[in-house]
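Step one of this worksheet: look at the structure below.
The values are calculated or read from the model by the stated rules, or taken from the named source; none is laboratory data. Since the structure is predicted, the reported quantities are computational estimates derived from the model, not experimental observations. Cβ placement follows ideal geometry from the backbone for every residue including glycine, while neighbour counts extend to all protein chains displayed. Note: accessible area is taken over every heavy atom of the protein model, side chains too, but ligands, DNA and RNA are not part of it. Shrake-Rupley method; radii C 1.70, N 1.55, O 1.52, S 1.80 Å.
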Amino acid sequence: MTAILVTISIKKVEDRITKKTLLVILYSIALITIFSRHIFSLSLRRMVPDTGPSLFRWDAIFFLIIPLVFLAWQYSMRHVLIYCLVILIADFGPTLLEQNNETLGIYLTNLSTSQDSHQGTVSVVISSEIMILSDFMGSFARSVILGIVGWIENSLVTLQRSQHSQLAEANQKLQKYALTSEKLAQTQERNRLARELHDTLAHTLSSTSVQLEAIKALFDRDPNQAKFLLAQTLENTKNGLAETRRALVDLRTSELEAYGLTQAIRNLGLSAAERGGFSAQFDLDKGLDVLPDDMSHCIYRTVQEAFENILRHSNASQASVKLFTEDNNIKLIIQDNGKGFNLDKVKKDRLGIRGMRERIEMLGGTFNITSDINKGTEIDICLETNYD
């Protein structure tokens, strides 16, 4: 059996094995196991005559489970039941023949010697029948155990295949849904782009074309009127160009969508530092790139307003931004070493403080700002969140 298992595990042999071939191999392993145990049991009974054969074949059940597992895995429950029936016949058949031959020999020997030994022969026959019944019960119990193990294995495999099939079907539906959603989003974006270009570029070009046709008609008859229309056309063209540029800027991907929250904040700070001539330091938790859109936009706009204030009013040489989580809260700290200001003497809506405070408080957060003359400014923001 070991040689067979090693042989079928070889790659070249494994590639050529079909399901029918595998079925033959599994039955061969089972029958070899049973008959080898029968030979061992017969030899043992000859050495120890009073030994019952049923007691010495229970170890075979562990070897019979190996092909049973493969059967339950690769085939239906019908094959498992046929396997158990074959095991019962192969296990009990030789024992039945062996016991009958022994009983018949004893009966003929006693019959040829004398009539007085007839009663002893009957006792031997009864004892032999009890032995046969006992051995049948043992073989039947082994087959039942194998059947239960096969049923459990086959049920688990069937359940696993059913779940795998359902999962594959769900994945296929999800892929179709994602593809449909992507196509719908592309269609909506194309329609929006078409409307933007129609309202800006197409309208400007159409108006310019009509005015140029009028200028061409008036160029020889009324040069002054043609010059006036040309100036109007030039002004309309400039306005249309400005509108087209504005539309293109709106159509571009935002910093948050392109880079994520932390990199977008870093870009803001570096740009402001380059324009203002101060150094910027960053301590940003990359894990916060997965925040909900409303919270990401709130933090981004707040940092943007803070850097604009530093650039315009603080005269700072250093600024820093910290963004991290603490006790399931998001903390944002913005500091600079600029000239600072007196909070009591500054109007509440000055320096964009009111706008920053409103953004944070709309999301249920807290906004605190501390500053003093020649001691810089610090903004502390805390947002509560329960996000994955």
Show the residue pairs meeting these rules: Cβ distance below 9 Å; 6+ apart or different chains; first residue within region 305-329 and closer than 13 Å to residue 275 by Cβ; second residue in a helix (DSSP H, G or I) and among the polar types (S, T, N, Q). 307/271
Can you tell me which residue is farthest from residue 302 (Cα to Cα) among those in region 322-338 that are open to solvent by 70 Å² or more (accessible area, probe 1.4 Å) and at pLDDT 90 or above? 337
Lone unmet requirement of (1) small (Gly, Ala, Ser); (2) surrounded by fewer than 15 Cβ atoms within 10 Å (Cβ to Cβ); (3) farther than 26 Å from residue 255 by Cα for residue 371: (2)
In this structure, does residue 264 turn out to be assigned to a helix (DSSP H, G or I), on the phi < 0 side of the Ramachandran plot and in contact with a Ser or Thr (Cβ under 7 Å, 6 or more places away or on another chain)? no
Report whether or not residue 319 is in contact with a helix residue (DSSP H, G or I) (Cβ under 7 Å, 6 or more places away or on another chain), within 16 Å of residue 371 (Cα to Cα), part of a strand (DSSP E or B) and of a type outside the set (Phe, Trp, Tyr). yes
Result of the Cβ filter at 7 Å on region 258-270, keeping first residues that are under 17 Å from residue 294 (Cα atoms) and partners that are polar (S, T, N, Q), at least 6 apart or interchain, is 259/267; 261/296
Select from region 165-209 the residues that are under 22 Å from residue 241 (Cα atoms) and either touching a His at 6+ places or on another chain (Cβ under 7 Å) or open to solvent by 100 Å² or more (accessible area, probe 1.4 Å) (or both) and write down the one among them that is modelled with the lowest pLDDT. 199
With the requirement that a residue be touching a Ser or Thr at 6+ places or on another chain (Cβ under 7 Å) and more than 23 Å from residue 362 (Cα to Cα), what does region 286-316 give you? 286, 314
